[in-house]
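Okay, structure first, notes after.
Each value in this text was obtained by applying a stated rule to the coordinates, not by laboratory testing. In this text the structure is predicted, and so the values were computed from the model without any measurement. Because the Cβ atoms are built from the backbone with ideal geometry, glycine has one as well, and the counts that use them run over all protein chains shown.
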Amino acid sequence: MDRESGAVLECKSRLSLQPAFQAPVAGWELGKHALLGVEAAVQDGRTQLWPTVRRTPYQWPGVLHYQDHDDQPFMQLHNSGGGFIEGDFAQFRLTAAAGSRVLVTTTGANRFYKCESGGHCEDHVEVLLGEDCLFEYLPDEVIPYRRSAFTRSTRISGAASARIFVSDVITAGRQYHGADAGETFAFDAMRSETGLEIDGRLVWLDRLIADTPETVGALESLWGGYRCMATVLAYAPDLPPDLCDLVQARIATFGFGKAGVTLIDGNVLCLRLLTDDAWQAHEAIFAIWSVVRPCLAGKPARVISKP
């Protein structure tokens, strides 16, 4: 497969899709540039979160919820716009001090609507983790609408002692939209990137680019008839040597889709999954989280109930 710029799959030695996090700029159109900066630190025996910069349509959730009734807050990333239209730009940045523990999800699917004037939209997430941090990120799925064009990135940078679990679900579009076969693989351009850096070294990079009719068609072929791709990434300095086998055994119990898992350098676990529907991907992610979370967080996985 072609791996030059614009190919469906592309791997390089650095992250290139994510811009630097920036402060609000005078002249930004209201509602077109979502911005949220959050800091995490341990205070009074539990992790506390507070916003350092925020701009609508990102909303600050206010009173924190502790999903497991312990020291780890549960935060929902809330875009009150309900999705991204042409020209929208969003940045979320979490900076976690040593020892903090945070679980982040979203309020719903990340929808990218059609771009009618040749423009695009962008959505970027950046997480900076100090020593002995725990970070878990389980967002809802990405849904690209017909004629949408977008760039999205997730960048996690952590100390070697950090513990990380990240999932990502990308659908081919609204599979059951309308009376026909839906609008899968009908987007104009998708550029997606997820990277993990440990102590400043890029240890994992996943880049998915389909930005021409040819590469969108190649992506459809690559997925082999499936309409949803999920990725799971876990890191810890001391992952059990048999964790990959345990995850593989759990995958073998799935009655849907195709999946594979690998362990890199003994401390980075990566899983790729293809399914027919997003709910299957989320069910599989929870099953993998149930296996991995005790190793990362010292507690069982808990079904995420969104208030």
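Could you list Thr212, Thr184 so that the one with the fewest beta carbons within 10 Å of its beta carbon is first and the one with the most is last?
So the residues, fewest neighbours to most, are Thr212, Thr184.
Once the piece of chain linking Leu246 and Trp60 is laid out straight, how much longer is it, given 0.36 nm per residue of separation minus the C-alpha distance between them?
Stretched out fully, the Leu246 to Trp60 stretch lengthens by 63.2 nm.
Which far-off residues, 5 or more places away or on another chain, put their amide H under 5 Å from the one on His177, with H placed in the peptide plane?
Counting only residues 5 or more places away or on other chains, the set is Gly182, Glu183.
Which stretch or stretches of segment 109-141 have amide N atoms under 15 Å from the point lying 7 Å from Thr212's Cα along the Cα→Cβ direction?
none
Work out how far the C-alpha atoms of the chain reach from end to end along every principal axis, then list the three figures in whole Å, largest first.
Taking max minus min along each principal axis of the Cα atoms, the chain gives 52, 52, 38 Å.
Check Val53: other-chain or 5+ apart residues with amide H under 5 Å from its amide H, H built from backbone geometry?
Gly37
Output the DSSP H helices from the chain with an along-axis C-alpha extent of no less than 18 Å and a mean Kyte-Doolittle hydropathy no less than -0.5.
Helices meeting the criterion: 278-297.
Which order do the peptides 77-86, 146-155, 246-255 come out in when sorted by mean C-beta neighbours inside 10 angstrom, highest first?
By packing density, highest mean first, the sequence is 146-155, 77-86, 246-255.
Mind giving me the nanometre distance, one decimal, between the label points for Ala98 and Ser16, set 7 Å out from Cα along Cα→Cβ?
Once both label points are built, they end up 3.7 nm from each other.
Below 8 Å, C-alpha to C-alpha, sequence gap of six or more: please give me the relative contact order for segment 40-297 in percent.
Reported relative contact order: 13 percent.
Met190's amide H: which non-local residues (gap 5+, or another chain) put their own amide H closer than 5 Å, with H modeled 1.01 Å from N in plane and none for Pro or chain starts?
Phe150, Ala210, Asp211
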